[in-house]
């Protein structure tokens with residue numbers, strides 16, 4: 001495991017993170033997308049994200065295979081409600097905002113079940129720091 005230090009510069013970033021979660025309805029999934037199953041080490045919980053960009057899917061495969069470790073933090077905007085991808089949770093990551101990062105603000109690090117408790121999760125994004133990509137599959 002690695003230790004990451006997050007630096008948040010400027011009030012714009014901080015206010016964006018504290019703005020709250022998105023409540024928009026899920027958009028239809030695009031063909032050619034992939035689904036990545038990601039395990040959060042500290043809890044063992046698994047959540048799933050839809051990857052629209054081939055580069056994101058390729059990075060997920062490299063991470064899964066241990067070929068690279070950076071960028072290795074999944075980050076994206078939280079959307080309340082099911083997308084059919086993140087089964088078992090009442091939220092999902094907006095696939096249009098998903099990316100892999102080297103560093104993120106500590107405020108968006110946490111466990112998938114913590115994001116489900118909307119009353120306590122006060123920020124717009126989710127970015128677990130210690131993860132393992134378990135699978136990357138083409139969306140059917």
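No lab work stands behind these numbers, since they all come straight from the coordinates. All values reported here derive from a predicted model rather than from experimental measurement. Cβ placement follows ideal geometry from the backbone for every residue including glycine, while neighbour counts extend to all protein chains displayed.
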Ranked packing of 77-83, 53-59, most packed first, by mean Cβ within 10 Å
77-83, 53-59
I need to check one value: relative contact order of segment 28-106, counting alpha carbon pairs closer than 8 Å and at least 6 residues apart, in percent.
28 percent
Return a whole-number percent for the relative contact order of segment 62-140, with Cα pairs under 8 Å and 6 or more residues apart as the contact set.
36 percent
Which whole-number percentage describes the relative contact order of segment 101-140, with Cα contacts under 8 Å and a sequence gap of 6 or more?
40 percent
Which distance in nm do the two modelled labels at residue 102 and residue 65 give, with both placed 7 Å along the Cα-to-Cβ direction?
2.3 nm
